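Taking it in order: structure first as structure tokens, then the write-up.
The values are calculated or read from the model by the stated rules, or taken from the named source; none is laboratory data. Worth saying up front: this structure is predicted, and the values here are computed from it rather than measured. With ideal geometry, Cβ positions are generated from the backbone for all residues, glycine too; neighbour counts draw on all protein chains shown.
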Amino acid sequence: MANEPKETVKLEVFRWHPEKGGEPSFQSYEVPFHKDWVVLDALNHIKDTIDGSLTYRWSCRMGVCGSCGMMVNGVPKLTCAAFLRDYHPETIRVEPLANFPVERDLVINLEDFLKKLSSVYPWIHREKTDSLAQELRQTPKQLATFKQFSMCINCMLCYAACPIYGHGEDVIGPAALSLARRYNLDSRDQATEKRKDVVYSEHGIWDCTFVGECSTVCPKHVDPAGAIQQSKVEATNEFMLGPFYPRGKR
Amino acid sequence: MLPKRAMSWSEYMTLKRGAYRVFMLREVSSLFNALYMVFLIVMLHDLRGPKADYDAFLALLWSPAMIPLHAVAFAFALLHTITFFNAMGKAIVIRSGEERISEGGMAVPAYAAWVVATLFVVWFLGHG
Amino acid sequence: MDLIEHDVLIVGGGGAGLRAAIAVAEANAKLSIGLVSKVYPMRSHTVAAEGGTAAVIKSDDSLEAHAYDTISGGDWMSDQDAVEAFVAEAPRELIQTEHWGCPWSREPDGRVAVRPFGGMKIMRTWFAADKTGFHLLHTLFQTSLKYEQIIRYDEWLVTKLVVDEGRCVGVVALELRTGRVRPLGAKAVVIATGGAGRIFPFTTNGAIKTGDGMAIAYRAGCALKDMEFVQYHPTGLPGTGILITEAARGEGGILVNKNGYRYLQDYDLGKPLDVTDPRHPQLRSMELGPRDRLSQAFMKEHDKGNTIEGPYGDVVHLDVRHLGEKKIDKKIPFVRELSKNYAGIDPVHEPIPVRPVVHYMMGGIDTDIHAATSVPGLFAAGECACVSINGANRLGSNSLTELLVFGARAGRSAASFAADQKAARREVLQTQAKDEQERIGRDLVRKTNGKERISTLRSEMNAAMESGCGIYRTEASLKKACDTIVSLRARYRDIVLDDRSNVFNTDVTSALELDFMLEIAATVCFSALARKESRGSHQRTDFPKRDDTAFLKHSLAHAGGAGAAPKITYKDVVITKWAPGARVYGK
């Protein structure tokens, strides 16, 4: 920029390298303060001009690809949506997403997340192949029942916020359970029974104690806590009503 | 790879983030609710017994420790009720066309029922 | 080192790559498929597309009309046989995504809804609110999880294609997690790596759009076609370049200059209707004109001093206030969210500051209508390819459809090619991987003597492209850009990195991406310099007219040798039914 602002802001960034091992450390960087900048801009500034070894993921910088989730002052955030002005003049601490193994610096290993996502059969299942001559009908009302749960960008902030996932191994977790509900509610899907084995299992909805932080941190207002509690109500009703439970989609 | 780092339970309690602290308190409140249930069961039991037992129970209620104990139990009961009512909306989805009745809106009938029940209890105790 | 072998390898996990993978699996269940992507597939830039995807399904529409809109939109550079195939297959492809669960917005009776879009005379743009790319990508990704024969290699950066005995037999890729360069053998390879918007400074494109696949195909002997045609999207946010979808105009949004005047009426795009007029927005008119004309109008307004000054350059205002909060939240909610977060305004109450930003590359790897390149066994689809259906200017909402139609074609072509091939010679693959590991180690990781920084060279490349090869170009500006790019390529040999490690070295990946970008930037500038006419998004103030006699041809950039300028040749555009005519909008 032509006129560098005189103000700066300090970032304390988590560093760890598998080839060096040992304990993680924090490295301090002084970054120019622009009121339009987000934490990601600050990280890019560091990488471009100060320390090219700082390692992190990013791409779209508009909150839709889900790459840049990190802990900012202990809160899971998309760094492309965390504005410096909301923290300045306090120091900003940036760490990798909690509850995931760390590959290096701010990069986490998300294989477990993908495994959990895949475990809920996240695709439309149809008994027969449908003709490609026309679309399956779905009214705006039917779309509205599941639309919110289809908005997940797989950023994993909810997993970083969930204490149960943090302490458990097989916990399926908020995003996967929301996605399962998305498909269960979709009028076109015919695999609800199969998903129930996974969703209604011990490590599915029943591990959840409704802390609710997943929904608080979700940048897309998917409301995974809502999805899980609604699934609990449904599971209970089904169990209680037994053969009288109305099956089939609304 | 560094193994996954999760916050410890004590960190959740003392963390500046009010949400985790409220959650822990909410969970703990059930303990107090359970204890008070035991208390009520004992009272009912003593009510069925000879008057002496009931008088002993009343005397216990007047002891100095009871006031703070009841105050704490009441505070937790309030916390439990309010957090529960506010959270109810998440689990219940009612739609009008494509729009969803707001989550907060779900708490209104619950609070209303609570007020009505309280008024009934007050009336009952007054006329009992 | 263990050699990974598949029947078909797909490089790139976005819309086109995922569609191709599914197409291979459905064409032949016995084929093993490797999907290699430098990012996890749901991060691919398809995710950022907003407005919609076009296909003919309504009774008032016809394939002819879609074809004509596309061809005239492309200023007659589109190959008409490809366009005819494209519009014919589009409806089936989109219905397939609907069957796969894509949450298309609907009419009250449950049929898929369509919205108006730029340059189209009849509404045919399917949409999922204004996050169409996001929904399409996630639908494709989640559907791909059904097929166990698709094996993914996430965060593997392909740095080179392996060509042996006259055909493509695989790739070598840097596995980010370990820093090891691994060979992957295949009987057919599909490239679906997207465009290269990041060669410009202001772009809607994410960090990953660095033209990797185009560059490696170019180096393997493929020509890059029509590289001079770069699309500026008329409405990007100033500074960040974040996309504000054309759908905002499709729903009735208007563009005004600093005097509150709807300036597009001065640029042969028709006459404005009042926003309360039920016929507004009029299709193929005013704000629903083609993107190249709208971006050019901005530049002309800027020269006249009618644009509004802003901290990140001049802007105009995109006004959607008259739509009302309810319609905005229903039809363009993401626009509202982005404006609030990144422009600091609520479009319900204030107009959105916008300016043209680089968005899409019409050019790319030269393919035929079956997605085959000139190298046997190598196929390409999506933004990285040029068939060409988009010609000199792409219509909005044709690109997402292109991913599906040509992604599927590439998959089917690759599947049928692979079925007849024998496996590659292993030694060749392994030697190439070893050589590439050595090159990266020597020239990047271990190198200590050097004085150039990646970010410096990248900024200078960006500046050169924007000033020399932007919306309006001249001989002088282009020559300057060409010279700068050539000198940057020479300076690239002198870069030195900060990161000398192996695990997840993003300094190395940035350096490799910069190398690819410089390669692509050169093809863009030199192709633009050679095209002495104005057509679509390529505008020369020194050659302001379209010249069908000399230039109704595609440019082909061929690799000329290390550091040398690309060699430019030409090939005829395929004309079937629609003789070149005038592009008429606003009538």
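The sole residue among C:317, C:322, C:349 that is assigned to a strand (DSSP E or B), surrounded by fewer than 24 Cβ atoms within 10 Å (Cβ to Cβ) and not basic (Lys, Arg) is C:317.
Where helices (runs of 4 or more DSSP H) fall wholly inside the range B:41-128, the ranges with 3 or more residues that are closer than 23 Å to residue A:226 by Cα and within 14 Å of another protein chain (Cβ to nearest Cβ) are B:66-91.
Which of the residues belonging to the range A:141-151 are more than 8 Å from chain C (Cβ to nearest Cβ) and either touching a Lys or Arg at 6+ places or on another chain (Cβ under 8 Å) or among the hydrophobic types (A, V, I, L, M, F, W, C) (or both)? Hits for the range A:141-151 are A:141, A:144, A:145, A:149. No other residue among A:153, A:172 is outside any helix (DSSP H, G or I), among the hydrophobic types (A, V, I, L, M, F, W, C) and touching a Ser or Thr at 6+ places or on another chain (Cβ under 8 Å) apart from A:172. Just one of (1) on the phi > 0 side of the Ramachandran plot; (2) small (Gly, Ala, Ser); (3) not in a loop (DSSP other than H, G, I, E, B) fails for residue C:555. It is (1).
Of all positions in the range A:56-66, at least one carries a residue that is facing another protein chain (nearest Cβ under 9 Å) and farther than 25 Å from residue C:511 by Cα. Check whether at least one residue in the range A:67-84 is in contact with a Ser or Thr (Cβ under 6 Å, 6 or more places away or on another chain), outside the structural domain of residue A:152 (by TED's automatic domain parsing) and in a loop (DSSP other than H, G, I, E, B), and report yes or no. Yes, some residue in the range A:67-84 is in contact with a Ser or Thr (Cβ under 6 Å, 6 or more places away or on another chain), outside the structural domain of residue A:152 (by TED's automatic domain parsing) and in a loop (DSSP other than H, G, I, E, B).
Residues in the range C:78-105 that are within 7 Å of chain A (Cβ to nearest Cβ), surrounded by 21 or more Cβ atoms within 10 Å (Cβ to Cβ) and in contact with a Ser or Thr (Cβ under 8 Å, 6 or more places away or on another chain): C:101, C:103. How do the pairs read when you match residues in the range B:19-41 that are farther than 15 Å from residue B:84 by Cβ with residues anywhere that are part of a helix (DSSP H, G or I) and β-branched (Val, Ile, Thr), using Cβ under 7 Å and keeping only pairs 6 or more apart or on different chains? Qualifying pairs under 7 Å: B:19/A:216. Restricted to the range A:96-140, and to residues that are touching a residue at least 40 places away in the same chain (Cβ under 8 Å), part of a loop (DSSP other than H, G, I, E, B) and aliphatic (A, V, I, L, M), which residue is nearest to the other protein chains (Cβ to nearest Cβ)? So the residue we want is A:124.
Of all residues in the range C:391-423, those satisfying the criterion of being part of a loop (DSSP other than H, G, I, E, B) and crowded, with 24+ Cβ neighbours inside 10 Å are C:391, C:392, C:393, C:394, C:395, C:396, C:397. The single condition among (1) in contact (Cβ under 8 Å) with a residue 24 or more places away in the chain; (2) part of a loop (DSSP other than H, G, I, E, B) that residue A:246 does not satisfy is (1). Tell me, yes or no, whether the range A:161-168 has at least one residue that is in a loop (DSSP other than H, G, I, E, B), farther than 26 Å from residue A:14 by Cα and either touching a residue at least 40 places away in the same chain (Cβ under 8 Å) or touching a strand residue (DSSP E or B) at 6+ places or on another chain (Cβ under 9 Å) (or both). Looking through the range A:161-168, none of the residues is in a loop (DSSP other than H, G, I, E, B), farther than 26 Å from residue A:14 by Cα and either touching a residue at least 40 places away in the same chain (Cβ under 8 Å) or touching a strand residue (DSSP E or B) at 6+ places or on another chain (Cβ under 9 Å) (or both). Listed conditions (1) in contact with a helix residue (DSSP H, G or I) (Cβ under 7 Å, 6 or more places away or on another chain); (2) within 29 Å of residue C:98 (Cα to Cα); (3) in a loop (DSSP other than H, G, I, E, B); (4) within 10 Å of another protein chain (Cβ to nearest Cβ) are all met by residue A:229, apart from (3). The condition (being out of contact with any strand residue (DSSP E or B) (no Cβ under 6 Å at 6 or more places or on another chain) and away from chain A (no Cβ under 14 Å)) is satisfied by just one residue among C:507, C:494, C:498, C:515: C:515.
Yes/no matrix, rows are residues, columns are (1) over 13 Å from residue A:224 (Cβ atoms); (2) surrounded by fewer than 23 Cβ atoms within 10 Å (Cβ to Cβ); (3) at pLDDT below 95:
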| residue | (1), (2), (3) |
| --- | --- |
| A:137 | yes, yes, no |
| A:149 | no, no, no |
| A:165 | no, no, no |
| A:170 | yes, yes, yes |
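Every test in (1) buried (at least 24 other Cβ atoms within 10 Å of the Cβ); (2) part of a helix (DSSP H, G or I) is passed by residue C:36 save one, and that test is (2). When you check residue A:194 against the structure, is it crowded, with 16+ Cβ neighbours inside 10 Å and either out of contact with any Lys or Arg (no Cβ under 7 Å at 6 or more places or on another chain) or under 22 Å from residue A:171 (Cα atoms) (or both), yes or no? In short, no. Restricting attention to the range C:27-71, the residues that are charged (D, E, K, R) and within 11 Å of chain A (Cβ to nearest Cβ) total 3. Kindly evaluate residue A:187 against the criterion of being within 8 Å of another protein chain (Cβ to nearest Cβ), in contact with a Lys or Arg (Cβ under 6 Å, 6 or more places away or on another chain) and of a type outside the set (Val, Ile, Thr). No; evaluated as a whole, the condition is false for this residue.
Residue B:7 satisfies every condition listed in (1) among the hydrophobic types (A, V, I, L, M, F, W, C); (2) within 14 Å of chain A (Cβ to nearest Cβ); (3) in a helix (DSSP H, G or I) except (3).
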